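The values are calculated or read from the model by the stated rules, or taken from the named source; none is laboratory data. On a predicted model such as this, the values are computed, not experimentally measured, just so you know. Cβ sites come from the backbone with ideal geometry, for glycine too, and all protein chains shown count toward neighbours. Note: accessible area is taken over every heavy atom of the protein model, side chains too, but ligands, DNA and RNA are not part of it. Shrake-Rupley method; radii C 1.70, N 1.55, O 1.52, S 1.80 Å.
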Amino acid sequence: MTMLNKKIMNELKEIFNKLARDITLKYFTQELECRFCRETRQLLEEVGGAADKIKLETYDFVKDKAEVERYGIKRIPAIVVMDETDYGIRFYGIPGGYEFSSLIEAFKLVSSGETGLGQETKDFLDSLDKDVHLQVFVTATCPYCPGAVILAHRMAYYSPRVTADMIEASEYPELAVKYNIMGVPRTVINETEFQEGAAPEKMLIEKIKSAL
């Protein structure tokens, strides 16, 4: 049984026909698959089947240690969206529900190179002399979460100092407890600062400054 119906596949093909550059999806799973690993794999295979420009590579979290270490993968299921360059764009957990749009936006971002970030944001990111790690906690049923994920991924794409993870809170309850996730979206910045909600660029930048 397919996860994406004919209507969605046709819409994806129309979107993907406009992709400017090839995209590589590095998917990390394991032989004894985790919760939602199988569904995530199926979703990516169906999405990848909608365009020749999307290449799916699958790695075993246990056996492919070199790739796991290279991309800093800490948990599964995990997805890296990249081209020849790794921009630090990560998805942890299945990008389902509203988060499916975040995945598609990541494709468009990497393929086009257009971040849509304001000049003030770009100037700040250019000035970074320390690394920034953004962990955006979401759920599939949250309509406001994609905005927070997309902004974090745009910052990661623009700056080699920034990495940005989408984390499906319900799949990693230990992380939800660790970071006191009572509502989503919630962005954890370098383990020390938190941004609630889908904040605009300027507000997130101020939180990043506080974390640094």
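Listed by first and then second residue, the pairs linking a residue in region 1-21 that is farther than 20 Å from residue 97 by Cβ and touching a residue at least 60 places away in the same chain (Cβ under 8 Å) to a residue that is among the small types (Gly, Ala, Ser) and open to solvent by less than 80 Å² (accessible area, probe 1.4 Å), with Cβ atoms under 7 Å apart and 6 or more places separating them unless they lie on different chains, are 16/50; 16/51; 19/51; 19/111; 20/111; 20/112; 21/111.
When residues of region 30-46 are filtered for being open to solvent by less than 70 Å² (accessible area, probe 1.4 Å), modelled with pLDDT under 95 and of a type in the set (Asp, Glu), how many remain? Residues in region 30-46 being open to solvent by less than 70 Å² (accessible area, probe 1.4 Å), modelled with pLDDT under 95 and of a type in the set (Asp, Glu): 1 in total.
Restricted to region 52-141, the set of strands (runs of 3 or more DSSP E) holding at least 1 residues that are open to solvent by 30 Å² or more (accessible area, probe 1.4 Å) comprises 54-60, 132-138. For region 166-175, the criterion of being more than 14 Å from the chain's Cα centre (by Cα), under 15 Å from residue 81 (Cβ atoms) and not aliphatic (A, V, I, L, M) is met by none of the residues. Residue 167 - would you say it is in contact (Cβ under 8 Å) with a residue 24 or more places away in the chain, in a strand (DSSP E or B), under 26 Å from residue 113 (Cβ atoms) and in contact with a strand residue (DSSP E or B) (Cβ under 7 Å, 6 or more places away or on another chain)? Taking the combined requirement at face value, the residue satisfies it.
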